[in-house]
1. Where only protein heavy atoms count, and the probe is 1.4 Å, what is the accessible area per residue for region 401-480 in Å²?
2. Write down the percent of antiparallel bridges among all DSSP beta bridges whose residues are both part of the chain, to the nearest 5.
3. Any idea what the dipole of region 168-294 comes to, in debye rounded to 20, about its Cα centre with Lys/Arg Cβ at +1 and Asp/Glu Cβ at -1?
4. Under the rule of -39500 (n - 2.57) per DSSP H run of 4 or more residues, summed and divided by the residues of the chain, what mean residue ellipticity at 222 nm is obtained, to the nearest 500 deg cm²/dmol?
5. In Å², and per residue, what accessible area does region 331-379 have when probed at 1.4 Å with the other protein chains present?
6. Place a point 7 Å from the Cα of S456 along the Cα-to-Cβ direction; which residues of region 43-60 have their backbone N under 19 Å from it?
7. Amide H of H67: which non-local residues (sequence gap of 5 or more, or other chain) have their own amide H closer than 5 Å, using H built in the peptide plane?
8. For a protection proxy built on the mean count of beta-carbon atoms within 10 angstrom, sort 59-68, 313-322 highest first, please.
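The values are calculated or read from the model by the stated rules, or taken from the named source; none is laboratory data. Every value quoted in this text rests on a predicted model; they were computed, and no experiment measured them. For neighbour counting, all protein chains shown are included, and Cβ atoms are generated from backbone atoms with ideal geometry for every residue, glycine included. Ligands, DNA and RNA are excluded from the accessible area calculation, which covers all protein heavy atoms including side chains. Shrake-Rupley method; radii C 1.70, N 1.55, O 1.52, S 1.80 Å.
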Amino acid sequence: MPGAESPRGSRSQGRGDEAIKHALVKKPRFARGFFFGTLNRFMPIPVDLCIDARWIVPIEPAGALEHHTLVVDGGRIVALIPTASVERDYAPRERAALPTHALLPGLVNAHTHAAMTLLRGIADDMPLKPWLEQHIWPREERFLSPEFVHDGTLIAAGEMLLGGITCCADQYFFPDAAARAYRQAGIRAFIGLPVLDFPTPYAADADAYLQEGLAARDAWRHEPKLTFALAPHAPYTVGDASWEKVVVYARQLDLPIQTHLQETRAELEQSLAADAMSPLARLERLGVTGPNFIAVHAVHLAESDVELLAAQSCQVVHCPVSNLKLASGIAPVAALQARGVNVALGTDGAASNNRLDILGEARLAALLAKVASGDAATMPAGLALRMATLDGAVALGLDAAIGSLMPGKQADAIAVSLAKFEHAPCYDPISHLVHVVGRDQVTDVWVAGERLVRDSTLTSLDRFELSARARMWQERMQGR
Ligand SMILES: [Zn+2]
């Protein structure tokens, strides 16, 4: 894949802000004066929805607009215009008023294992290896099933939507069951098809994983809000022969590859001892790396690894809470970004986090980058927010469709309330979104123009049913 540009997205980084500004305030579809006579000349255009907001943070271009309106029709963004001119130009069927809110693109969680919400808090306070080997894998061996994945994914989708996440990159077993849950919830999902060299209740070997996963993709690939990737678990759990098969399928089907990479120091040291090269160098030798390669974690990198990620335009997903909780380390995010590497944000699974909260990750990412570099100017709030939105979309190859409030993109947007006295005063809404408010202040969420959270309440899912499903699985796992 080196050098190959994905046709799925534009990977728009570096686009000139001037061109973007021009596109931002899109003219009505009928030019003024197009119609003869006075009756039609000022006829407002019917559209599905107008969202008026105190502030709009479109991400492209950077900065915040005051008293603007997002115009939506057919699930897409039509225009972003001053609220004062809405009535002259548009006749919305629905109008939402957000007088004390900031409206911004839906957050992108670029790495999670959604169904692991059912293992939330089951084992804390230990490093990755014993956590996986003594607690997670034995429970998955015993309880993993399509029902487990469906229910866990549904709970995760509800939690993510309430916290303003409109797109997640998932990688877990039984992707068919996950796809069912995502369709029910209405959230956008990038589903990584898992590959491992050892058996689980889902599949026996790498060939069986690939077969099962690709069958699920075939069944769901026409679902508009679902996209697919290959997701081998990690270099240390997948051998060269399996990686070679993954590369063949990825090229044939134009699928990205997402994997956990160099999460712990031990992983890097063992690879250097066994293969005399880093896991990333090994993947490069196998033909895995390139713009469609998404490295999750990338905490312990050799200098040559940073060079390789930059030279091949690889994608990185930073999961700061999970990296801190498992004491894995602090990823060199500022160094990667300085070399031009795109870095997105992920929560990882709820079992190692223990929440699916991208606003929280953005704040922590900014704080860690500052302390790790010894420079308080590192990662300003605007950059942290872009990582939580547009850079996530770029990492998943979805930036032509989502990640910013540009006309033509899907209407994935969230409203965050800045109304309370403890949020006041507000001199800069972008700073507030990262450093003052949390996910609990997300009040409304639209995905492709559909309002999936209204006044902090899910519209596509029943919270009582989600609680009941979580209780049922807890009782099963505790043997009651
Ligand atoms: Zn993970």
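1. On the way: 3830 Å² over 80 residues.
Counting only protein heavy atoms, the per-residue value for region 401-480 is 48 Å².
2. Values: 28 of 67 bridges.
Here the share of antiparallel DSSP bridges comes out near 40 percent.
3. Numbers: 11 positive and 16 negative charges, 107 e Å.
Rounded to the nearest 20 debye, it is 520 debye.
4. Working: 17 runs with 166 residues, N = 480.
Dividing the helical sum by the residues of the chain leaves -10000 deg cm²/dmol.
5. Values: 1560 Å² over 49 residues.
Per residue, region 331-379 has 32 Å² of solvent-accessible surface.
6. Only 54 fall inside the zone, counting backbone N under 19 Å.
7. Hits under the 5 Å cutoff: W55, I56.
8. Values: 59-68: 17.9, 313-322: 26.8.
The packing order, highest mean first, is 313-322, 59-68.
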